[in-house]
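A quick write-up on the structure given underneath.
The values are calculated or read from the model by the stated rules, or taken from the named source; none is laboratory data. These numbers come from a predicted model, not from an experiment. So basically every Cβ, Gly included, is an ideal-geometry build from the backbone, and we count neighbours across all protein chains shown.
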Amino acid sequence: MSSSNKIQKKTKSIDATKKLAEKIKKQALLKQKELQKSSNQDADADADNSTTHTALSKATSTSPVSSTVDPDAQLKFNTFAELKLVPDLLEAIQQLKYTKPTPIQSEAIPYALEGKDIIGLAVTGSGKTAAFAIPILQSLWHAQTPYFGLILAPTRELAFQIKETFDALGSTMGLRSVCIVGGMDMMDQARDLMRKPHIIVATPGRIMDHLEHTKGFNLKNMKYLVMDEADRLLDMDFGPVLDKILKVIPAKRTTYLFSATMTNKIEKLQRASLNNPVKVSVSTKYQTADNLIQSMMLVNDGYKNTILIHLLNEFMGKSTIVFTRTVAHAQRTALLARILGFNAVPLHGQLSQAQRLGSLNKFKSGTVNILVATDVAARGLDIPSVDLVINYDVPTDSKSYIHRVGRTARAGRSGKSISLITQYDLEMYLRIEQALDKKLPKEDKPAREILDALHIHVDKATAEAIRQTKEIHDKRGNGRRRKNYDDDREEK
């Protein structure tokens, strides 16, 4: 073969190869376009589906109803007779002389009777307990089933008080209720639970103990869950226990959260446990009752006890709560007052449950008129006729201040609070004023000669009170102190 023929043949081969390559390339491009077109169609379909899903979500989701109520505004109902309540419940309400609803009751009860979940925010002493008890008892009258409602409270005292309200409102309808709190015998409580009460009022730690260890007890048929003082339940050590409780109770239920102050933690709990709740607010975060007269008195730390005794003397016969920051201060101050002839009892976490209830009942009945307490008495306790609150120790946060002074000026009555401010308390006190958005007026101090004359006697009595406090402390012993510490943790 000549060299020219070889070149021609090679050229034809190259041309054929090029044509084949171009053909393959065209087929690849065509296939790529088809794939791209298909991909775009899928994307468009996904987008359409996404839009449809979003629209459906928007159509099916309901924004929570929120209403802020002016306490002076017209009430939704003026008498409980307007609510179509069952006769037994209406009779009990009349016996308790609930003549007119409070703003929180007026706003929350109609929603609750419709079966809505409720977040209730109202200033302390505004009738929150009746606001959730009345709808639950109305529903219970028709159902008549055991373990119908669980009410969780942060402290034993508040739990007992809530039970009293339920018992009073359910007195004519055969209500069975039980209070399950720390510091009481587990076996006795187990027997009470086996009697199948309608309403269980409990601290979270103790009810969880029974759910885990009391044979035959469960809350699978529970219809109502109430968390009273919900912000405090979350502020303390209750979070993990609440999570456990929420896992073992029915998801299909009605849930109420009530508190005087709300925190951002409530939003998390709301998402976990409430279904499209109605939020009812009749107070701002740091609001005190309008009929409460608040004041402060600048005192020298060395004369603090003397000033306190002077005030107790000035308000002799008035129902008074003295708040202290520590158990030791509460015990010592109560003894100091008693040594100097005042009718005073202590209330704090290192007393036994029987002693705590004894002190509280004596004060509520008027047998004694001075209660010296730690913040265990600051929340939720309904003692209607407290005339005066004295902050012997300034609380460390604004919320505690609100709850302390909220023990007076309740249910429309007037009241007074006086905070004793030493040079060491100024920073905390200024934070409280900032939260209240106002300056508290200064209380006039007694004349120096009056204080000096009183100071001699108070000093001697203080020394004796310290001696007696140490004696009580030593008698308790390490084992007893450990037990009380565990009980207090259980409440938290």
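Here is how the numbers come out for the structure above:
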quantity	calculated
Residue list for the range 410-448, filter: part of a loop (DSSP other than H, G, I, E, B), over 22 Å from His310 (Cα atoms) and either among the acidic types (Asp, Glu) or touching an Asp or Glu at 6+ places or on another chain (Cβ under 8 Å) (or both)	Arg410, Asp437, Lys439
Some residue of the range 281-298 being of a type in the set (Phe, Trp, Tyr), assigned to a loop (DSSP other than H, G, I, E, B) and outside the structural domain of Tyr429 (by TED's automatic domain parsing)	yes
Exclusive hit being hydroxyl-bearing (Ser, Thr, Tyr), out of contact with any helix residue (DSSP H, G or I) (no Cβ under 9 Å at 6 or more places or on another chain) and touching a residue at least 12 places away in the same chain (Cβ under 8 Å), set Thr145, Thr102, Thr172	Thr145
Condition met for Ile466 (modelled with pLDDT of 90 or more, β-branched (Val, Ile, Thr), loosely packed, with under 11 Cβ neighbours inside 10 Å and assigned to a helix (DSSP H, G or I))	no
Subset of the range 435-463 [under 35 Å from the mean Cα position of the chain (by Cα), at negative phi and exposed (fewer than 12 other Cβ atoms within 10 Å of the Cβ)]	Lys438, Lys439, Pro441, Lys442
Residue match in the range 333-341 (condition: at pLDDT 95 or above, surrounded by 21 or more Cβ atoms within 10 Å (Cβ to Cβ), among the hydroxyl-bearing types (Ser, Thr, Tyr) and touching a Leu at 6+ places or on another chain (Cβ under 6 Å))	no
Scope the range 154-210; condition over 24 Å from the mean Cα position of the chain (by Cα), of a type in the set (D, E, K, R), assigned to a helix (DSSP H, G or I) and within 25 Å of Gln138 (Cα to Cα); matching residues	Asp192
Which listed residue is part of a strand (DSSP E or B) and assigned by TED's automatic domain parsing to the domain that holds His457, from Pro346, Pro395	Pro346
Test: Val372 is among the β-branched types (Val, Ile, Thr) and within 18 Å of Thr306 (Cα to Cα)	yes
Contacts under 6 angstrom Cβ, first residue in the range 366-382 being modelled with pLDDT under 80, partner part of a loop (DSSP other than H, G, I, E, B) and among the acidic types (Asp, Glu), 6 or more apart	Arg379/Glu229; Gly380/Glu229
Criterion: of a type in the set (Gly, Ala, Ser) and either at pLDDT 95 or above or assigned by TED's automatic domain parsing to the domain that holds His403 (or both) - qualifying residue of Ala153, Ala133	Ala133
Lone qualifier among Ala328, Ala354 - being surrounded by fewer than 18 Cβ atoms within 10 Å (Cβ to Cβ), in contact (Cβ under 8 Å) with a residue 24 or more places away in the chain, assigned to a helix (DSSP H, G or I) and of a type in the set (A, V, I, L, M)	Ala328
Members of the range 257-280 found to be modelled with pLDDT of 70 or more, assigned to a loop (DSSP other than H, G, I, E, B) and surrounded by 14 or more Cβ atoms within 10 Å (Cβ to Cβ), listed by number	Leu274, Asn275, Pro277
Test: residue in the range 241-249 that is over 16 Å from Leu158 (Cα atoms), out of contact with any Phe, Trp or Tyr (no Cβ under 7 Å at 6 or more places or on another chain) and not in a helix (DSSP H, G or I)	yes
Residue list for the range 77-95, restricted to those being surrounded by fewer than 18 Cβ atoms within 10 Å (Cβ to Cβ) and either touching a helix residue (DSSP H, G or I) at 6+ places or on another chain (Cβ under 6 Å) or within 13 Å of Pro110 (Cβ to Cβ) (or both)	Phe77, Asn78, Glu82, Lys84, Val86
Residues being polar (S, T, N, Q) and more than 20 Å from the chain's Cα centre (by Cα) - total across the range 389-398	1
Gly239 being of a type in the set (Gly, Ala, Ser) and touching a residue at least 12 places away in the same chain (Cβ under 8 Å)	no
Filter result for Val322 (assigned to a strand (DSSP E or B), touching a residue at least 24 places away in the same chain (Cβ under 8 Å) and either under 20 Å from Lys475 (Cα atoms) or not assigned by TED's automatic domain parsing to the domain that holds Val181 (or both))	yes
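Residues are listed down the side, and each one gets a yes or a no for (1) buried (at least 19 other Cβ atoms within 10 Å of the Cβ); (2) more than 30 Å from Gly120 (Cβ to Cβ); (3) outside the structural domain of Ala153 (by TED's automatic domain parsing); (4) more than 24 Å from the chain's Cα centre (by Cα):
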residue	(1), (2), (3), (4)
Gly366	no, yes, yes, yes
Ala377	yes, no, yes, no
Asp387	no, no, yes, yes
Tyr401	yes, no, yes, no
Ala409	yes, no, yes, no
